[in-house]
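First comes the structure, then the notes that go with it.
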Amino acid sequence: MPQPRWRLPLLGDLLSIDVAKPVQREMQMAQELGGIFERKILQHRLIVVSGADLVREVNDEEKWAKFLGKPLRKLRVIAGDGLFTAFNSEPNWSKAHNILGPGFSQAAMRGYHDSMLTVVDRLVDSWDSAAAGGEYVDVPKSMTSLTFDVIGRCGFSYDFDSFGRTEPDPFIAAMSRALEYINRSSNDIPILRALFGRSARAQHARDIALMQETVDRIVEERMRSGEQHGDLLDLMMHTVDPDTGEQLSPESIRNQVLTFLVAGNETTAATLGFAIHFLSRHPEVVAKARAEITQVVGADGRIGYEQVAKLRYVRRVVDETLRLWPAAPGYFRKVRGETTLGGRTLPKGSWVFVLLPQLHRDPLWGDDPERFDPDRFEPAAVRKRPAHIFKPWGTGIRACIGRQFALHEAVLTLASLIRRYDFAPEPGYELDVHEAITLKPRRLKVKLSTL
Ligand code: HEM
């Protein structure tokens, strides 16, 4: 198995890791070592796969399955056996998967469309003020506000009102701190954390308690009122799993709500942020998208539910963004029994990490994979490529359940912004990809001119 050249006894490849940007370091390593390589940090072994043919092999559901890598196991303190962090064998996974599937179908988006538009209108109001004052807008901050408010409303009819307040909602503040803590504690040295991390640990415990109590209160309130809102919470409270004839327990409902807030917020916010970065660098893409929006929707007026699916070029902008910077940078897969990968035998229990940003730069994408070009997703071009070289939503039965939701939200938001503003980058800014559990653009600001 290819491995970094300077491996040390005991430490392994410790000196070659980049604690702040491990994914981007792995991308460099993949360019040097190829589509499969092994990293060893102290006694821990990690196989990183990014070559297209090898990824096709590990996506084979008969031989491989989702593996809960360390970052996902750490998230269980928040989301328990919720959909995203459940082990394959946990019964609540299939129950929740059956019950929630309809709530994430393309047709279900019709029910969320107005709520999404309300939040997008708030974003536009806030950006109009910034544009009038000639200010730069903090893109990641705005996008996080947007995606939290959207999932709050569509998920459980809760208004975080992120654009109407100067300090974030206490729930959002607690969740951001908790995710930051989990991310940091995945990388730091356990003994130092044990010795010096007492106050951070106590804060973490308080943050998790606050999140759980808030969700429990929302669920209890809904039970008491008996109201129906047509949101995901309704579905979870009133639907019976056809396989078992059972409903979700209150604890499982809480875990799913927290899961949507964790899995559905940062990823979509980051994707929108990266897209706006690319739009600020590619006025020709903005012009083409704007022409499409005018043709489908008209120059002003409300964007209707049916029109979102017709904004094919805007959708290609989202796809191309997800190719270059997939917000979830990879997924873990574990062999079901002894198998081979690229001709090498892997014993039962082996697992690998699929490194998406590198898969998405595979030579099969052509000789200029760094170029941002939404036309790569024109139907004729897509038909010529194997499907397994674009996997931003993961793979198989455990792939992203929120895909249609994220796409509807992202296309609607980008279309609303593109038809209203030109975006100018901040002079001297170079894209800085911050790594936490997701990838996100850091310190990204753009100046808006209203059309
Ligand atoms: C799973 C990406 C938005 C909910 C996943 C996985 C990926 C992914 C790669 C598979 C993880 C694995 O195999 O370990 C994304 C991206 C998004 C996005 C790139 C936005 C651009 C959303 C949204 C929601 C959501 C909006 C919910 C509202 C979930 C859930 C799972 C999941 C519940 C676990 C599914 C299961 O295992 O059954 N997502 N996601 N995601 N995602 Fe998303």
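The values are calculated or read from the model by the stated rules, or taken from the named source; none is laboratory data. Computed from a predicted structure; not experimentally measured. All Cβ positions, glycine included, derive from the backbone under ideal geometry; neighbour counts span all protein chains shown. When the accessible area is computed, the model is the full protein with side chains, heavy atoms only, and any ligands, DNA or RNA have been set aside. Shrake-Rupley method; radii C 1.70, N 1.55, O 1.52, S 1.80 Å.
General observations
- A simple charge model with +1 on the Cβ of Lys and Arg, -1 on the Cβ of Asp and Glu and nothing else charged puts the dipole of the chain at about 1320 debye relative to its Cα centre.
- Where ASP13, ASP18 fall by accessible area, highest first, once all protein chains stay in place (1.4 Å): ASP18, ASP13
- D (Stokes-Einstein, µm²/s), Kirkwood Cα radius, segment 65-183, 0.890 mPa s at 25 °C: 147 µm²/s
- Prolate/oblate/rounded call for segment 196-279, Cα gyration tensor, a/c under 1.5 rounded: oblate
- Computed from the C-beta positions of MET1 and GLU62, the FRET efficiency with R₀ = 25 Å rounds to 0.60.
- Mean Cβ count within 10 Å, highest first, over the residues of peptides 117-126, 363-372: 117-126, 363-372
- Sulfur and carbon atoms: percent of accessible area, segment 14-450 [1.4 Å]: 52 percent
- Calculated FRET value between ARG403 and ASP375, using beta carbons and R₀ = 25 Å, to 0.05: 0.70
- Surface accessible to a 1.4 Å probe, per residue, for the residues of the chain, Å²: 46 Å²
- Where only alpha carbons of segment 365-448 are counted, the Rg and the Dmax (Å): 16.0, 44
- One decimal place: the segment ALA287-GLN203 gains 25.5 nm when fully extended, by the rule 0.36 nm per residue minus the C-alpha distance.
- The share of alpha-carbon pairs in the chain lying farther apart than 39 Å comes to 21%.
- Expected 222 nm ellipticity per residue - DSSP helices of 4 or more, -39500 (n - 2.57), all of the chain, to 500: -16500 deg cm²/dmol
- Principal axis box of segment 296-400, alpha-carbon based, largest edge first, Å: 59, 31, 22
- Out-of-range pairs (alpha-carbon distance over 20 Å; input LYS391/LYS440; LYS40/LYS70; LYS74/LYS391; LYS66/LYS348): LYS74/LYS391
- In nm, spacing of pseudo-spin labels at SER105 and LEU11 (7 Å Cα→C-beta vector): 5.7 nm
- Surface accessible to a 1.4 Å probe, ILE401 within the full protein complex, Å²: 50 Å²
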